[in-house]
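The values are calculated or read from the model by the stated rules, or taken from the named source; none is laboratory data. These numbers come from a predicted model, not from an experiment. Here the Cβ is made from the backbone with ideal geometry for all residues, glycine too, and neighbour counts use every protein chain on show. For accessibility, only protein heavy atoms count, side chains too; no ligands or nucleic acids. Shrake-Rupley method; radii C 1.70, N 1.55, O 1.52, S 1.80 Å.
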Amino acid sequence: MNFNYNKIDLPVKDVIPNIQEELTNASTLILKAPPGAGKSTLVPLALMEEVWLSGKKILMLEPRRLAAKTIANRMADLLGEKVGESVGYRIRFESRISDKTKIEVLTEGILTRMIHDDNGLEGVGLVIFDEFHERSIHADVAMALCRETQEVLRPDLRILVMSATLDMPELSKMLKAPIVESLGRQHPVDVNYAGDSDVKMLPELASRVIKSAIDKHDGDVLVFLPGQGEIKKCEEILKRSLKGVMIHPLYGQLPPNKQFAAIMPNKEGKRKVVLATNIAETSLTIEGVKIVVDSGFERTARFNPSTGLSRLETVQISKDSADQRAGRAGRLSAGVCYRMWTIGTQARLDEHGKPEIEQADLSSLVLDMAQWGIVNAEDLSWVTPPPKGNVAKASKLLHELDALEEDRITNHGKELHRLPTHPRIAHMLIKAKEAGQLALATDIAPLLEERDPLPPETGIDINLRIEALRRYRKDKRGTNRLARIEKIAAQYRSMFKLAVDNSVFDDFETGKISELQFCERLREITGVKSSNEAIVTAWNAMLLNFPKIRKELLLRLKKE
């Protein structure tokens, strides 16, 4: 198929000949292009028939599922095809590809598994790392493994790194890669500073700024808030005070149809306000946006190696993130951005955000390395090396889960690695299968992976969540969160070829299954070898997804 990229009016088309030439002569290339330049859609299509591909596929990594699906749909539309033909996508528990697929858009963890299954990535000619400045841990691991494959097995494998805000000279030196830059056609954005905000009052303060901006300017509004809680509160306030304006939330746990409703133009021509997390910071084009309201905060997971805990923290964004967000107002025409902080605060922001690999739980990373045959993390070529202390903590956990023995992966570790989840949860599933309690474990696993489906006042008992999930399965009545949890539970059942089980379960078995994941942490906190079921359940809730019950848990632990 000959795709004529010159017919598509996107700024990046001007540098595509340079990209094609560089990739003909070099194995690694960096493309710097601003938001809206068209790099995510036009570049893969323009490279699809390059001679050096020799009929092999292009894999493009996206940091988020919504972006992966949206970009695949957009490329398929440009080809006049359906998704799954020349262009397809793969995300966790979902794929649309076929024998004809030449470009696969993936979420980042998928590529790591593909490399483990096929070390040489046979049939792949180019791996594109899109929005690499986000520096997710999955992207860093995938980059390290791809470079290892390129150096040892596949010198013909090409790597293309695309970003808008990276420190390009430093990355170019590290990867020994040339840089191609697209200047784009960014329209001017008038940046206003609304004064520093109390993080506890963000929904109320953002609502005031939004209403003021709507009165002063035309166009749709994109609002950046830290998380789902702030988005829901802001939505409630705006629905009471804004008439004739459509309010759309946009976050990762939202059902796909509501996510797409947020990014597409309103069919009736009404103005809209999109309340988003940093899911909307890159990759996605939200039609009609001329106004950006930026709270200046994001929610990120931070790992504490001294406790073994990861917890969500609300932190200030970096300067490059603020620039990315402001740029969303100038994609289609001149726009305006309201920053909910002062010029003084702006000057104190970090230049770049910290890579996730520096502050995340590294258990899955260390298991990946062990499966690859790497004992020492320093043996891989990292863009940012993982902290030694966090690597040691992860290694200790994997030894306690019997996944490693003398730093070599065990047969049990290989079983854990095959499951697309955290090693703790994978260990629980495997051990529950051995104990004849797999049906219960496949309900517990997604409840721990996803957000709490029940309101905080329900309390901390995970058994109530299992009951709610099983009720939902029977009559399909419940929240969107329960629908998502059931979808993942069904995928686990499919992996294990397991039938649906809605029978009455034993609370004691729930405690025993839960303890499989966190026995070493429970011993440290309670000082006893055998933990009671209430503490196990509470620990589950605190560790992964239910931060609001942290105080209740700590009080209970003190009483015990």
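Key figures
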| quantity | calculated |
| --- | --- |
| Accessible surface of the chain [probe 1.4 Å, protein heavy atoms]: carbon and sulfur percent | 49 |
| DSSP-defined beta bridges in the chain - what % are antiparallel, rounded to 5 | 20 |
| Spatial separation of Cα centroids for the range 38-66 and the range 217-272, in angstrom | 31 |
| Only Lys, Arg (+1) and Asp, Glu (-1) charged, at Cβ; the chain dipole about Cα centre in debye | 1860 |
| Packing-based ranking, highest mean first, of 202-211, 185-194 given that Cβ atoms within 10 Å are counted | 202-211, 185-194 |
| Farthest toward positive dipole pole in the range 144-192 [+1 Lys/Arg, -1 Asp/Glu at C-beta], among G184, C146, S172 | C146 |
| Packing rank of 496-503, 259-266, where each peptide gets the mean count of other beta carbons within 10 Å, highest leading | 259-266, 496-503 |
| Gyration tensor (alpha-carbon) shape descriptor, the range 183-304, a/c threshold 1.5 | rounded |
| Rounded, prolate or oblate (a/c below 1.5 giving rounded, otherwise prolate when a/b exceeds b/c) for the range 70-228 by Cα gyration tensor | prolate |
| Label point distance in nm, T24-K476, each placed 7 Å from Cα along Cα→Cβ | 5.5 |
| Solvent-accessible ranking of R477, R299, R64, R339, largest area first, probe 1.4 Å | R477, R299, R64, R339 |
| Cut-off under 5 Å, modelled amide H: who pairs with I128 long-range | L59, M60, L61, L160 |
| Global form of the range 408-507, assessed from the alpha-carbon gyration tensor, a/c cut-off 1.5 | prolate |
| Cα-based convex hull volume of the chain per residue, rounded to whole Å³ | 161 |
| Relative contact order, percent, the chain [alpha-carbon distance under 8 Å, six or more residues apart] | 12 |
| Relative contact order (percent, whole number), the range 144-281, Cα cutoff 8 Å, 6+ residue spacing | 21 |
| For the range 110-138 and the range 423-459, distance of Cα centres in Å | 29 |
| Heavy-atom surface of the chain, accessible at 1.4 Å and reported per residue (Å²) | 43 |
| F297 long-range amide H proximity, modeled H, under 5 Å | I317 |
| Greater than 19 Å apart at Cα, pairs in K82/K497; K216/K243; K393/K431; K216/K270; K32/K173 | K82/K497; K393/K431 |
| Around K69: net Lys/Arg minus Asp/Glu count, Cβ-Cβ under 11 Å | +3 |
| Packing-based ranking, highest mean first, of 341-353, 362-374, 77-89 given that Cβ atoms within 10 Å are counted | 362-374, 77-89, 341-353 |
